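**Student:** Have a look at this one.
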Amino acid sequence: MSTMAGRKKIQDSDSKWFAHFMKALEALHDRYNPENRMLRCPFSSPGYHTTIKHADYVHPIRETLDYALALLDGDDPAYKERAHGIIKEVISLQDQDPQSPTYGIWSWYWEEPLVQMSPPDWNWADFIGKRLLQILIRHGNGLADDLVKLTGQAIRNSCDAIMKRNVGPDYTNISIMGAFVTLIAGELLNERGYFDYGLARLQRLYDYAMQTGAFLEYNSPAYSTVAILELSALATYTRTEEARRLTNELLDVTWQMITEHFHPLLKQWSGPHARSYHTFLAPGHLSFLHMACGGEVPLVSDDDFVYNPEWYGQGVTCPKRLFGLFTGIGMRELRQNLPFYHEFQTRTAYTYMTPEYSLGTFNHNVMWNQCRNLLAYVRTGEEERGYMRLRVLHDGYDFCSAVFKSEQKQASVLYGIQFALDGGDTHVNLDPIHGRMVASDLRIRIEIGCSAHAPAWKRLGEDSFQAILGNLMLSVHALYGAMDGFGPFRWEISEDGEIVGLDYVLYEGEVAEIDFHAMEEALFLFALSFSEHNESLLEASASPHEHAVQASLEMEAPEQPISLTLAKKPAIRDVLFHS
């Protein structure tokens, strides 16, 4: 595709949103710092990669290059020189030494060189390489020859880093983005080696995802929209029919998953979520879906619509045949296997939706902060909604060595919490604790958050609670609990504004060592259900055996009871997920 043809295609598809694009771009100008030719942004951090812990503002490389691309897309001659200066500055920050261990990548921030990161993030070869490619495709004709040459070499460096790293198809967004960078660079720069690698990488992703029709980051609001963006860009820019075919099929299954899980009345993305950063759907996600439907499905009001300049030129379009899933709902029941992954083997996701609520679970997963393993959305008033999610908290933060297992049928769930001997503390892999920890607090929480007033929990018995959520009653029962050397366990209700936690406290006190290796038993089992106010409670029980506990939950006829049997003893994750 020539740069002019590519630009014409983009202008045609994005003309509807150009005014929103320009408004968003205008808001960025005051953040530009001419001293270093970078964009100044409030500091935020996920807690890893960067060693910066405290800062009011930083100059992020990715967002700065997004700004340069947007300046060129805005086509205002007054900002052309600024955009070109930014591109030169960003290119100068790449490690361009082929002998260097970080060859081809960038750091996150202008303030923090690669040598200071812990560890450097190799994803930046993909993120920055993609943006440089879009600059060449859309605006290469307007760049000086020396800048075109510099940009092309930086892209080649990125491709080399991507190919050396060679991530697998289970790392979905980087797998797609790396395929984009190498395949499109191969086409644009006439580099056959990059093209062949990119097409083969796209084929591997296709084969992996099409095993079950899902990505490993299943039903993730954050990563599903990223996948849509990256796949749409690939379909938009590639000149290769086979690449376009594979990409469009992946787009179809991704849009199918998104629209099936969207609750039209609550305007929430039903769970479970393999990865999520916000429990309530962020306004940007609703705006993204609104934009993808061409504004034909009223998912967000004009006043609340927020356009992200990064969406411009990606060719994002939701198939019209799926629009009805954004607007109409009766009852939906979804069951989906996730692709095979060596750590988790095969996981299954289950979602049940009615006009009043949705409830979703995984059959097993770790209790990482980004996982929503047991998640419900409920209408709590005419214009109000709430969520319910499960958490396991170590000194107030989600505990990754806790393992979740469940069985769900429609509105009822049996679930258990076990403990892994090879897990992490706050992250799945970055801070392993090897089954030993110190803590002053460890608890299992049913968290309810509401857009208005949070509900009150009512205690029914020693181990049973209820809460009224709109027209529904949420019931929670503790069925079994044992953790060698600890107890007795107790319930506690915690409140923080519009969030209320029903906590099953495993330990609270002076800092103590908790060694799961030394335990023959560390297992907790619960039952949870939604029902109408006047419905009778379901009967749940647990039967301990020598090495395991079997829990059951009676269902209304003609349904069979739900049953869940879990081992008592902590073990490595592979054993827990298969026992």
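**Student:** Counting helices only, and only those DSSP H runs with n ≥ 4, report the 222 nm mean residue ellipticity of the chain as the sum of -39,500 (n - 2.57) divided by its residues, in deg cm²/dmol to the nearest 500.
**Tutor:** Numbers: 12 runs with 176 residues, N = 579.
That calculation yields -10000 deg cm²/dmol at 222 nm.
**Student:** Just to be sure I understand the model, the point goes 7 Å from the Cα along the line to the Cβ. What's the resulting Glu242 to Asp484 distance in nm?
**Tutor:** 5.7
**Student:** Points 7 angstrom from Cα along the Cβ direction at Asp145 and Lys53: gap in nanometres?
**Tutor:** Distance between the two pseudo-spin positions: 5.2 nm.
**Student:** Can I ask one more? 5 Å is the cut-off here: which amide hydrogens, built 1.01 Å from N in the peptide plane, fall below it relative to Val306, excluding neighbours closer than 5 in sequence?
**Tutor:** Close amide H contacts, sequence-distant or interchain: Ser287.
**Student:** Would you mind calculating the gained length between Asp395 and Glu546 on full extension (0.36 nm times residue separation, minus the Cα-Cα distance), in nm to one decimal? Walk me through the intermediate numbers first.
**Tutor:** Values: separation 151, 0.36 × 151 = 54.36 nm, distance 3.16 nm.
Computed gain between Asp395 and Glu546 is 51.2 nm.
**Student:** Continuing with this model, one more query. Output wanted: per-residue J couplings in Hz (rounded whole) for the stretch 275-281, from phi through Karplus 6.51 cos²θ - 1.76 cosθ + 1.60, θ = phi - 60°, x for Gly and Pro.
**Tutor:** 8, 8, 10, 9, 6, 6, 5
**Student:** For the ranges 431-441, 296-306, 61-71, what's the packing order if you count other beta-carbon atoms within 10 Å of each residue, average per peptide, and put the highest first? Walk me through the intermediate numbers first.
**Tutor:** Numbers: 431-441: 15.5, 296-306: 13.9, 61-71: 22.9.
Averaged packing, sorted descending, gives the order 61-71, 431-441, 296-306.
**Student:** Quote the FRET efficiency, to the nearest 0.05, computed for Glu532 versus Val306 with a Förster distance R0 of 35 Å and r equal to the Cβ-Cβ distance. Kindly include the intermediate steps, with their values, before the conclusion.
**Tutor:** Details: r = 37 Å, r/R0 = 1.06.
After rounding, the FRET efficiency stands at 0.40.
**Student:** Quote to one decimal, in nm, the extra length available between Ala456 and Glu296 on full extension: 0.36 nm per residue of separation minus the C-alpha distance between them.
**Tutor:** Numbers: separation 160, 0.36 × 160 = 57.60 nm, distance 3.95 nm.
Gain in length upon complete extension: 53.7 nm.
**Student:** Which order do the peptides 383-390, 398-405 come out in when sorted by mean C-beta neighbours inside 10 angstrom, highest first?
**Tutor:** Output ranking for 383-390, 398-405: 398-405, 383-390.
**Student:** Hey, another quick one. In whole Hz, what ³J(HN,Hα) sequence does the stretch 352-369 give by Karplus (6.51, -1.76, 1.60; θ = phi - 60°), x for Gly and Pro?
**Tutor:** 10, 10, 10, x, 8, 6, 9, 9, x, 9, 9, 6, 7, 5, 7, 9, 5, 4
**Student:** For the stretch 217-339, which whole-number percentage of the solvent-accessible area (1.4 Å probe, protein heavy atoms only) is attributable to carbon and sulfur atoms? Could you put the intermediate results ahead of the total?
**Tutor:** Details: 2160 of 4290 Å².
Ligands and nucleic acids excluded, carbon and sulfur give 50 percent.
**Student:** Excluding ligands, DNA and RNA, what is the solvent-accessible area per residue of the chain at a probe of 1.4 Å, expressed in Å²?
**Tutor:** On the way: 23380 Å² over 579 residues.
Solvent-accessible surface per residue comes out at 40 Å².
**Student:** Hey, of (1) 76, 50, 43; (2) 121, 54, 53; (3) 89, 62, 50, which did the structure itself give for Cα extents along the principal axes in Å when calculated?
**Tutor:** So the structure-derived entry is (1).
**Student:** List the lysines whose Cα lies under 18 Å from the Cα of Lys568, skipping any in the same chain that are fewer than 8 positions away.
**Tutor:** Filter leaves Lys405.
**Student:** Tabulate in residue order the Karplus-calculated ³J(HN,Hα) for the stretch 511-524, using 6.51 cos²θ - 1.76 cosθ + 1.60 with θ = phi - 60°, rounded to whole Hz; enter x for Gly and Pro.
**Tutor:** Once rounded to whole Hz, the list reads 4, 9, 7, 10, 10, 6, 5, 7, 9, 8, 8, 7, 8, 9.
**Student:** So how far apart, in nm, are the two label points at Met331 and Glu559 if each is 7 Å from Cα heading toward Cβ?
**Tutor:** 0.9
**Student:** Is the C-alpha gyration tensor of the stretch 467-572 telling us rounded, prolate or oblate? Criteria: a/c under 1.5 is rounded; beyond that, a/b larger than b/c is prolate, otherwise oblate.
**Tutor:** Details: a/c = 3.28, a/b = 1.28, b/c = 2.57.
It comes out oblate by the Cα gyration axes.
**Student:** Compute the label zone of Glu539 within the stretch 416-444: residues whose backbone N is under 20 Å from the point 7 Å along Cα-to-Cβ.
**Tutor:** Taking a point 7 Å out along Cα→Cβ of Glu539, no residue of the stretch 416-444 has its backbone N under 20 Å.
**Student:** What trypsin sites (Lys or Arg not before Pro) in the stretch 321-369 are in a loop by DSSP, with at most 12 other Cβ atoms within 10 Å of the Cβ? Write down the numbers at each step before the final one.
**Tutor:** Values: sites: Arg321, Arg332, Arg335, Arg347; in loops: Arg347.
Sites meeting the loop and neighbour criteria: none at all.
**Student:** Farthest toward the dipole's positive end in the chain, which of Cys400, Leu266, Val413, given Cβ charges of +1 (Lys, Arg) and -1 (Asp, Glu) about the Cα centre?
**Tutor:** Leu266
**Student:** I need the shape label for the stretch 137-214. Rule: rounded when a/c is under 1.5, else prolate if a/b > b/c, else oblate, with a, b, c from the alpha carbon gyration tensor.
**Tutor:** On the way: a/c = 2.68, a/b = 2.33, b/c = 1.15.
Prolate, because a/c is 1.5 or more and a/b exceeds b/c.
**Student:** Decide, for the stretch 207-271, between rounded, prolate and oblate: order the square roots of the alpha carbon gyration tensor eigenvalues as a ≥ b ≥ c, take rounded if a/c falls under 1.5, and otherwise choose prolate if a/b is larger than b/c, else oblate.
**Tutor:** Working: a/c = 2.50, a/b = 1.84, b/c = 1.36.
Note, shape of the stretch 207-271 comes out prolate.
**Student:** Full extension from Glu26 to Asp196: what is 0.36 nm times the residue separation minus their Cα-Cα distance, to one decimal in nm?
**Tutor:** Numbers: separation 170, 0.36 × 170 = 61.20 nm, distance 3.99 nm.
Extra length from Glu26 to Asp196 when fully extended: 57.2 nm.
**Student:** Please list, ordered by chain and number, the residues whose modelled amide H lies under 5 Å from the amide H of Leu506; skip anything fewer than 5 residues away on the same chain.
**Tutor:** Those lying under 5 Å, H to H, from Leu506 are Leu442, Arg443, Ile444.
**Student:** When the accessible area of the stretch 354-421 is split by element with a 1.4 Å probe, what percent falls to carbon and sulfur? The partial results should precede the final answer.
**Tutor:** On the way: 610 of 1540 Å².
With neighbouring chains kept in place, the figure for the stretch 354-421 is 40 percent.
**Student:** Working from Cα positions, state the angle (0 to 90°, nearest 10) between the long axis of helix 241-261 and the longest principal axis of the chain.
**Tutor:** Approximately 40 degrees, to the nearest ten.
**Student:** Continuing with the same structure: So how strong a dipole does the chain carry about its Cα centre when Lys and Arg Cβ are +1 and Asp and Glu Cβ are -1, to the nearest 20 debye?
**Tutor:** Working: 49 positive and 75 negative charges, 346 e Å.
With Lys and Arg at +1 and Asp and Glu at -1, about 1660 debye.
**Student:** I would also like to ask the following. Using r as the Cβ-Cβ distance of Gln256 and Glu510, and R0 as 60 Å, what FRET efficiency do you calculate, to the nearest 0.05? The partial results should precede the final answer.
**Tutor:** Values: r = 52 Å, r/R0 = 0.87.
Efficiency, from the Cβ-Cβ distance: 0.70.
The values are calculated or read from the model by the stated rules, or taken from the named source; none is laboratory data. Source: prediction; values computed, not measured. When we count neighbours, we look across all protein chains shown, and the Cβ atoms used for this are built from the backbone with ideal geometry, even at glycine. Only protein heavy atoms, including side chains, enter the accessible area calculation; ligands, DNA and RNA are left aside. Shrake-Rupley method; radii C 1.70, N 1.55, O 1.52, S 1.80 Å.
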